[in-house]
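Quick notes on the structure that follows.
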Protein chains: 2
Amino acid sequence: MLQNKLISVTKRTRMTPYTRRVEAAGVKAYTVYNHMLLPTVFESPQADYWHLCEHVQVWDVAAEVQVEVRGPDAARLVQLMTPRDLRKIEPLQGKYAPMCDAQGFILNDPIVIKHNDQRWWISLADSDIKLWAKGLAQGYGFDVEVFEPTVYPLAVQGPKAEELVSRVFGDEARDIRFFRGEMLEFGGESIYVARSGWSKQGGFEIYLHAPELAEPLWDALFEHGEDLHVRAGCPNGIERIEAGLLSYGSDMDASHTPLDCGLGSYLNLQADIESLSIAALREKAKSQSIALKGLIFKQVMDFSSAANSVGGFDVWHDDVLIGEIKSQVWSPRYNKHLCFAMLDTKYLNENSTLEMCGQQGTIHDIPFPEDALSA
Amino acid sequence: MLQNKLISVTKRTRMTPYTRRVEAAGVKAYTVYNHMLLPTVFESPQADYWHLCEHVQVWDVAAEVQVEVRGPDAARLVQLMTPRDLRKIEPLQGKYAPMCDAQGFILNDPIVIKHNDQRWWISLADSDIKLWAKGLAQGYGFDVEVFEPTVYPLAVQGPKAEELVSRVFGDEARDIRFFRGEMLEFGGESIYVARSGWSKQGGFEIYLHAPELAEPLWDALFEHGEDLHVRAGCPNGIERIEAGLLSYGSDMDASHTPLDCGLGSYLNLQADIESLSIAALREKAKSQSIALKGLIFKQVMDFSSAANSVGGFDVWHDDVLIGEIKSQVWSPRYNKHLCFAMLDTKYLNENSTLEMCGQQGTIHDIPFPEDALSA
């Protein structure tokens, strides 16, 4: 089911300034993310995975749409949206900052990037946070503009990413620390380049604001990367699950809090900040009824008999529904089947394993402990 | 380009309670709409079109996600979001009501359905209006809840739709007027059924709130419709363009006002209503620089040489960019190539035709005049 179906592309499912290059590179599949095409497969998920872990890939992640918040009340509005303390963020620094409503539920889990006190970018997972920010700004009467700037992130990911990016942008790129960025020059433009990206292989995201440079930038990366075996790639489901990277909309949604998802370390619930969700999250931190956990099975699993009608797999124990598998993949590196599952904490308190489809799996925190993967 | 690419489906691109039936019916392609799968092709766009115009189809349009606004301030919040006067809307009536921000730009063009003064549904085009409504409610301190209810619309469209729906829901369905609805019974549940749908062929939308009835409802429609040649279908690009139905995200987006899109007749700019956008739209009504128009070409057109990097086709005149084709399709009924294009009004004031790719097209209002289609 749901295999080998085509995607219908219209103007609504937006192309990116890189789409022509992505097509020429032989993309086989897309998803739609923030109303925009996001490539998902080039050679095959497994071949793409091994290449990413060994070499360097160029990813069209323009679908990581930016929301720009600009004006005297910009810092106040951005802080209002997240329970993470943003007071000490420096210019050109990024922070993973779950956005929550007044009940503490997650509306998105973006990277917040500060350009200066009056200019911020929210680098989005898949939901229209622009509308949330606009609604708040309108209702509170804040002095800000909220809009989607013409910025098209291109990621360079993999162990050779630093070498490739420094060849194109200069050695300054090597000095950029994790989740920091610099304005670096390409094609006469000063472009925000950050050490970040949705993989554990290391790399950079180039927040290109000049669409006319999209193809020249793509081409420069390929010209300078030939001996590095550069290839077109995309966020890879195997790699991101091995790495414990969550996907908003799959692993969690607006019915979950960051605490449910094990994201407590990214929150500052004791901070004296003006954040919409902080009171609700302090209260919810006192007791937790569900938790996102990692599951490891030693066999290739076929979960189809547990498929529910909303795209997940139901987890049962003694005829009680105790949770749902949200994402799952076979890891060719560890020879294990890895899952993220939202599970009832009552069950978790009493059990460290779980049976599904006749097989026993072990339950772990996310990211998976290395010894559990290697066991 | 962008032909025959696969769609990657995860939990984030949500399945619907009808997806298993849609798959069994042989769906060939999907798009993603409100983070949910929306079927786009069964046999072929042309075969689907002719069948829709002659018989009756069942459409999984669960991706027409509802936003429920409930509470003492519900009517006030919904009115604030649209420049259409909702004061006289009756219970169970629907109204096409563009949602605009304080600058008059369109954020969505949903159907607003009133259950009662304190309970409304916003039946969405493709954007997260829930976040806009939640932001406004939060900022203004309104006493409302805003949430996505578990409602999965199923459309029954085509000239035999009334016959089929009345066989399943009873003859009361025949008395429902356009954009009105009734609570009708199926499977022991009272379900909101409206005479509406995204085609000009007539039909109903069944706002099923009980997902466990999704497959029984689908099956009942097929059992009762065998002699009516019922088939699975979906919104059809040929039919909707012939009919002049706009698609938010393709034909217009948050850079356009309803006035730009020829939707002035759905606004009540002189009404004494509390609507965020009404002041800006009154001002913008004084002069208009762009307008969405229909174009008709008598030949099969290949616009690929005009393709731009954002999924549209650029329209040039004397080396000046005067607009963009947003949607376009060959009409097998009229033997004409039909387009929706956003064009510079300066050009429109002086011209009633337009040359593209070496062919002359005529410019019309939307919906296309019947005599222009038949000419």
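The values are calculated or read from the model by the stated rules, or taken from the named source; none is laboratory data. Computed from a predicted model, the values in this text were never measured in an experiment. Neighbour counts run over all protein chains shown; Cβ positions are idealised from the backbone, glycine included.
For segment B:160-171, a tally of residues being without any contact (Cβ under 8 Å) to a residue 40 or more places away in the chain and over 26 Å from the mean Cα position of the chain (by Cα) returns 2. Taken over segment B:265-284, the criterion of being surrounded by fewer than 16 Cβ atoms within 10 Å (Cβ to Cβ) and closer than 23 Å to residue B:342 by Cβ is satisfied by B:265, B:282, B:283. Criterion applied to A:247, A:287 was being of a type in the set (Ser, Thr, Tyr) and surrounded by fewer than 22 Cβ atoms within 10 Å (Cβ to Cβ), and the one residue passing it is A:287. Among the residues of segment A:282-314, those identified as farther than 24 Å from residue A:104 by Cβ, within 14 Å of another protein chain (Cβ to nearest Cβ) and in a strand (DSSP E or B) are A:307, A:313, A:314.
Within segment B:37-61, the residues that satisfy the criterion of being among the acidic types (Asp, Glu) and surrounded by fewer than 19 Cβ atoms within 10 Å (Cβ to Cβ) are B:43, B:54. If I filter segment B:140-148 for residues that are part of a loop (DSSP other than H, G, I, E, B), closer than 18 Å to residue A:127 by Cβ and either modelled with pLDDT under 95 or within 14 Å of another protein chain (Cβ to nearest Cβ) (or both), do I get at least one hit? Looking through segment B:140-148, at least one residue is part of a loop (DSSP other than H, G, I, E, B), closer than 18 Å to residue A:127 by Cβ and either modelled with pLDDT under 95 or within 14 Å of another protein chain (Cβ to nearest Cβ) (or both). Residues in segment A:242-267 that are in contact with a Cys (Cβ under 8 Å, 6 or more places away or on another chain) and not aliphatic (A, V, I, L, M): 3 in all.
Restricted to strands (runs of 3 or more DSSP E) entirely inside segment A:1-95, those with at least 2 residues that are more than 10 Å from chain B (Cβ to nearest Cβ), over 29 Å from residue A:311 (Cα atoms) and touching a residue at least 40 places away in the same chain (Cβ under 8 Å) are A:57-60, A:66-70. The condition of being away from chain B (no Cβ under 14 Å) and more than 30 Å from residue B:136 (Cα to Cα) does not hold for residue A:272. Within segment B:239-266, the only residue that satisfies the criterion of being within 13 Å of chain A (Cβ to nearest Cβ) and over 21 Å from residue B:34 (Cβ atoms) is B:241. Filtered by the rule that a residue be within 13 Å of residue A:361 (Cβ to Cβ) and within 24 Å of the chain's Cα centre (by Cα), segment A:309-326 gives A:313, A:323, A:325. Taken over segment B:152-190, the criterion of being surrounded by fewer than 21 Cβ atoms within 10 Å (Cβ to Cβ) and within 19 Å of residue B:121 (Cβ to Cβ) is satisfied by B:177, B:178, B:179, B:180, B:182, B:183, B:184, B:186, B:189, B:190. Restricting attention to segment B:343-350, does a residue exist that is closer than 22 Å to residue B:238 by Cα and under 22 Å from the mean Cα position of the chain (by Cα)? Within segment B:343-350, one or more residues are closer than 22 Å to residue B:238 by Cα and under 22 Å from the mean Cα position of the chain (by Cα). Considered as a group, the residues in segment A:329-342 that are crowded, with 19+ Cβ neighbours inside 10 Å and not hydrophobic (A, V, I, L, M, F, W, C) include one that is farthest from the chain's Cα centre (by Cα), and that residue is A:336. Residues in segment B:199-231 that are buried (at least 21 other Cβ atoms within 10 Å of the Cβ), hydrophobic (A, V, I, L, M, F, W, C) and part of a loop (DSSP other than H, G, I, E, B): B:230 alone.
Hey, any hits in segment A:344-358 for a residue that's crowded, with 16+ Cβ neighbours inside 10 Å, modelled with pLDDT of 95 or more, over 30 Å from residue A:83 (Cβ atoms) and touching a Phe, Trp or Tyr at 6+ places or on another chain (Cβ under 6 Å)? Within segment A:344-358, not a single residue is crowded, with 16+ Cβ neighbours inside 10 Å, modelled with pLDDT of 95 or more, over 30 Å from residue A:83 (Cβ atoms) and touching a Phe, Trp or Tyr at 6+ places or on another chain (Cβ under 6 Å).
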